[in-house]
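Worksheet: one structure, shown below.
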Amino acid sequence: MSDAKKKAEPLRIVLYPDPILTKKARALTPAELKAGKADGLDLREFSQRMLLTMYDADGLGLAAPQVGVSLRLWVADGSEHRDHPLVVINPELLDPSGKLEMEEGCLSIPEVRGKVKRFQTLKVRGVDPDGNPVEFVAADLLARVAQHETDHLDGVLFITRLGTASRFLIRSKLRTLEEEYEVMQRRKKKT
Ligand SMILES: [Zn+2]
């Protein structure tokens, strides 16, 4: 496969309960940001592939651990026409205000949805793949995505933020995913 072809393909999304999803991702160092490279990845290229993967899967956001990379980077697009791509490295969420409960899902936990209470507005601060500072105010849907994706960088899945009743409802779906994961791991060991 040529490099050009590879770049145009979406990345494989890691599924629950892969342990990388509950691991805290590390921050990129100033030296890595200056070089635009970390863990053998070109940050600009990687971000573009993350965006491609997110759009391809019809997601609102995607965090690096969801494609098997334990670095503090996420991409998102909360716009109506899906034409406002965002890449945030080493994100910080500041000045949270208001609370809003809404249904949520996750590309790494297919077919599982549940209501999560999140802050309604906040400020997102971080760095872009060129090392330039990024800062914007996020409200409603985008604020929700920013919190969901930043949670991923801390190894926190939205299912742990659900109330007892919602958690009970998704129990069997989670068990199915856990069984599928086990089968896959056993298959991997054999080959
Ligand atoms: Zn998610």
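Please determine whether any residue of region 113-121 is within 14 Å of the ligand (Cβ to nearest atom), more than 28 Å from Leu28 (Cα to Cα) and surrounded by fewer than 16 Cβ atoms within 10 Å (Cβ to Cβ).
Scanning region 113-121 turns up no residue that is within 14 Å of the ligand (Cβ to nearest atom), more than 28 Å from Leu28 (Cα to Cα) and surrounded by fewer than 16 Cβ atoms within 10 Å (Cβ to Cβ).
Residues of region 49-69 being among the polar types (S, T, N, Q) and near the ligand (Cβ under 9 Å from one of its atoms), which ones?
Residue satisfying the conditions is Gln66 alone.
Suppose the filter is open to solvent by 80 Å² or more (accessible area, probe 1.4 Å), within 16 Å of the ligand (Cβ to nearest atom) and in a strand (DSSP E or B); does Glu103 pass it?
yes
Hey, Ile89 hits all of (1) away from the ligand (no atom under 13 Å from the Cβ); (2) of a type outside the set (Phe, Trp, Tyr); (3) in contact with a Ser or Thr (Cβ under 6 Å, 6 or more places away or on another chain) but one; which does it fall short on?
Unmet condition: (3).
Looking for something at pLDDT below 95 and open to solvent by 60 Å² or more (accessible area, probe 1.4 Å) - is there at least one such residue anywhere in region 65-80?
yes
Only one of (1) closer than 21 Å to Ile20 by Cα; (2) of a type in the set (Lys, Arg); (3) within 14 Å of the ligand (Cβ to nearest atom) is not met by Arg72, so which one is it?
It fails just one condition, (3).
Hey, does region 161-171 have a residue that's closer than 24 Å to Pro17 by Cβ, within 16 Å of the ligand (Cβ to nearest atom), of a type in the set (Phe, Trp, Tyr) and not in a strand (DSSP E or B)?
no
The values are calculated or read from the model by the stated rules, or taken from the named source; none is laboratory data. Note that the structure is predicted; figures quoted are calculated from it, not measured. Neighbour counts run over all protein chains shown; Cβ positions are idealised from the backbone, glycine included. Accessible surface areas use protein heavy atoms only, side chains included; no ligands, DNA or RNA. Shrake-Rupley method; radii C 1.70, N 1.55, O 1.52, S 1.80 Å.
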